[in-house]
Amino acid sequence: MRVLTIGSTSGAATSSASYPVRLETALERSLPEVDVVVEARGLQGEIASGAAERLRALVAEIEPDLVIWQVGTADALARVELDAFADALDETVRWIKSHRIDVVLVDPLYTKSLAQDEYYNSIVRKVFEVARREAVPLVQRYEAMRYLSAGSDKGEAHFLGRQFRLNDLGMRCMAEHVTRAITLSLLQPEATGTTKEPPAQIG
């Protein structure tokens, strides 16, 4: 299984601790009979519309069976217009699916400094809405990080390093969450990996 990951890049301390390596290891452990190859082509700060343009070339080059898209954080920080963001995400997910490629979406990072920001919350909800509408698995990273940060003395610093980049522990946790979403979608193809409704007030 060839897996293409796009979206924000992660700053690992060592190559063995990088998100792609952790994800490939977790997937092979979860799917022992599947040979997994992860191709990471993320660009720091890339918004959804920019990723949409690159994806066409990447799909032709890599021929992935699955695309994992970390999306929304860069758009939120750039204050991209909400409808433009949703349209770019929706259209690109449909394009990927039209090529018989599976898609998993990963919603924005959680940070306490933006937890009460209405626009940032709206981006998180837009990702949820697109995932539900297109019936693709969604890794609710925002909610997971918010919950785990609340239970840690270090708060979000337990998972988040500088410039909205996950630290080693954050990357390990995300790799495990993504692997779980993929495994569930394979075992239960009708499941989208989303909850029935998004949180009424996130953060």
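The values are calculated or read from the model by the stated rules, or taken from the named source; none is laboratory data. Values in this document were obtained by computation on a predicted structure and should not be read as measured data. No Cβ is skipped: glycine too gets one built from the backbone with ideal geometry, and neighbour counts run over all protein chains shown. What goes into the accessible areas is simple: the full protein's heavy atoms, side chains included, and nothing from ligands, DNA or RNA. Shrake-Rupley method; radii C 1.70, N 1.55, O 1.52, S 1.80 Å.
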TODO: Kindly indicate whether any position in the stretch 28-37 is out of contact with any Asp or Glu (no Cβ under 8 Å at 6 or more places or on another chain), among the charged types (D, E, K, R) and under 23 Å from LYS126 (Cα atoms).
DONE: no
Open item on the list: Pairs needed: first member in the stretch 17-36, over 15 Å from ASP65 (Cα atoms) and in contact (Cβ under 8 Å) with a residue 60 or more places away in the chain; second member anywhere, open to solvent by 20 Å² or more (accessible area, probe 1.4 Å) and in a loop (DSSP other than H, G, I, E, B); C-beta distance under 8 Å; at least 6 residues apart or different chains.
Closed with: SER18/SER10; SER18/ALA12; TYR19/SER10; TYR19/ALA12
Task: Close pairs (8 angstrom Cβ cut-off, 6 or more residues apart or separate chains): within 19 Å of ARG79 (Cβ to Cβ) in the stretch 115-134, among the hydroxyl-bearing types (Ser, Thr, Tyr) and in a helix (DSSP H, G or I) anywhere - done: VAL124/TYR142
